[in-house]
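These notes are about the structure you will find just below.
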Amino acid sequence: MGEPKVLGEPGVLVRRSLPSEPAVRGSASLFLTEARRQGVRAGRRMLDVGPEPASEHVAAGLRVEPGTPVLARRKLLLAGDVPVRVATSFLRLDLFADTPLCEPGFLSPSLQARIEELGHRFGRAEEQLVARPPRGDEAATLRLDPGEWVVQIVRAAYSADDLPIHVLETVCAASRHVFDVVQVSGADEF
């Protein structure tokens, strides 16, 4: 299945597996781990951390009303010096206000580990992938060519008690990504 033609930033193409392998999902940084496996020099920059109103899809994932203040942790992910993704973690403030998750900067060892330290064990997740035109400042942030689209992946994670604890929205420059969809063996027939 050949590689797609790359628009915009020449020669930049990264892969994203759906669903993420458990070892990758549990690493300190999904993107840094994926990029390292692909031989890509990866970087990341925290853009902002703070409360903002929940959009409709974030509110649905966190089971709150649209417009409810939620904690947003937004970062820019780079391949070399080229922006490829904006990843934003959304967390319920009724669960995580006044915790280390509200502090600026990257969390060590990982966001997932810090959530577990606060007593929430992962149970399941649901992911939705949508291709769409860029919104707001996404085109400028990702340095997209006119007419380029993005792929938005929204992953809602629920605790073992089915409590919505984390929504991750990843907005990817569509022309700089290949999405590998992996089927679990024994789950289907050819």
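The values are calculated or read from the model by the stated rules, or taken from the named source; none is laboratory data. Fair warning: this is a prediction, and the values are worked out from it, not measured in the lab. Glycine gets a Cβ as well: all are built from the backbone with ideal geometry, and neighbour counts include every protein chain shown. Quick note on the areas: whole protein, heavy atoms, side chains included, nothing else; ligands and nucleic acids left out. Shrake-Rupley method; radii C 1.70, N 1.55, O 1.52, S 1.80 Å.
Among the candidates Gly67, Gly123, Gly105, Gly80, single out the residue that is without any contact (Cβ under 8 Å) to a residue 24 or more places away in the chain and touching a strand residue (DSSP E or B) at 6+ places or on another chain (Cβ under 9 Å). Walk me through how you get there before you give the answer.
On the way: Gly123 fails: without any contact (Cβ under 8 Å) to a residue 24 or more places away in the chain; Gly105 fails: without any contact (Cβ under 8 Å) to a residue 24 or more places away in the chain; Gly80 fails: without any contact (Cβ under 8 Å) to a residue 24 or more places away in the chain.
Result of the check over Gly67, Gly123, Gly105, Gly80: Gly67.
Given the criteria open to solvent by 40 Å² or more (accessible area, probe 1.4 Å), farther than 22 Å from Glu65 by Cα and assigned to a helix (DSSP H, G or I), does Ala140 qualify? Give the derivation first.
Working: open to solvent by 40 Å² or more (accessible area, probe 1.4 Å): yes; farther than 22 Å from Glu65 by Cα: yes; assigned to a helix (DSSP H, G or I): yes.
Yes.
Would you point out which residue out of Leu78, Leu47 is at pLDDT 95 or above, open to solvent by 20 Å² or more (accessible area, probe 1.4 Å) and closer than 14 Å to Thr141 by Cβ?
None of the other options fit; the residue is Leu47.
Among the candidates Gln112, Gln152, which residue alone is more than 15 Å from Gly50 (Cα to Cα) and part of a helix (DSSP H, G or I)? Full working, then the answer.
Details: Gln152 fails: part of a helix (DSSP H, G or I).
Every option except Gln112 fails the conditions.
Among the residues of the stretch 50-58, is there at least one that is outside any strand (DSSP E or B), farther than 29 Å from Gly147 by Cα, at pLDDT 95 or above and of a type outside the set (Ser, Thr, Tyr)? First the steps, then the outcome.
First, pick out the residues of the stretch 50-58 that are outside any strand (DSSP E or B): 54-58.
Within this subset, residues satisfying the condition of being farther than 29 Å from Gly147 by Cα are none.
No - not one qualifying residue is present in the stretch 50-58.
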